[in-house]
Amino acid sequence: MAKGKRYTKASELPVKAGRVYEVWVEIFPTAAQLAKGDTLRISITPSDAPHLSPPLPQMQNELGGVLSVYHDAKHPSEVVLPAQR
């Protein structure tokens with residue numbers, strides 16, 4: 001998928017059960033200051049409820065699904081965070 005097409009209606013694709021897909025997850029900007037030794041926890045969900053509740057037809061398609069995040073040698077995953085020193 002072209003870089004400029006991420007997070008748009010044009011980038012929406014059907015998914016098949018049991019198949020692994022690469023997905024870019026947009027994290028909205030925020031500010032936090034972490035002290036040395038602190039940890040950061042990230043929670044990934046299949047929607048942005050209640051902030052961006054989808055229209056009813058899309059919501060019906062999202063019911064009953066299972067979200068799996070693969071993070072092994074075959075399916076590397078990463079979180080990229082900017083840091084200031």
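Tabulated results
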item: Scope the stretch 20-47; condition among the small types (Gly, Ala, Ser) and either touching a residue at least 60 places away in the same chain (Cβ under 8 Å) or within 24 Å of residue 63 (Cβ to Cβ) (or both); matching residues; result: 43, 47
item: Qualifying residues in the stretch 8-23 (those that are of a type in the set (Ser, Thr, Tyr) and exposed (fewer than 10 other Cβ atoms within 10 Å of the Cβ)) - the one modelled with the lowest pLDDT; result: 8
item: The stretch 27-45, subset aliphatic (A, V, I, L, M) and farther than 23 Å from residue 65 by Cα, residue modelled with the highest pLDDT; result: 35
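Quick grid of which residues meet (1) within 16 Å of the chain's Cα centre (by Cα); (2) at pLDDT below 85; (3) surrounded by 10 or more Cβ atoms within 10 Å (Cβ to Cβ):
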position	(1), (2), (3)
25	yes, yes, yes
47	yes, yes, yes
52	yes, yes, no
56	no, yes, no
66	yes, yes, no
70	yes, no, yes
79	yes, yes, no
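The values are calculated or read from the model by the stated rules, or taken from the named source; none is laboratory data. Since we're looking at a predicted model, the values are computed, not measured. Cβ: placed from backbone, ideal geometry, glycine included. Neighbour counts: every protein chain shown.
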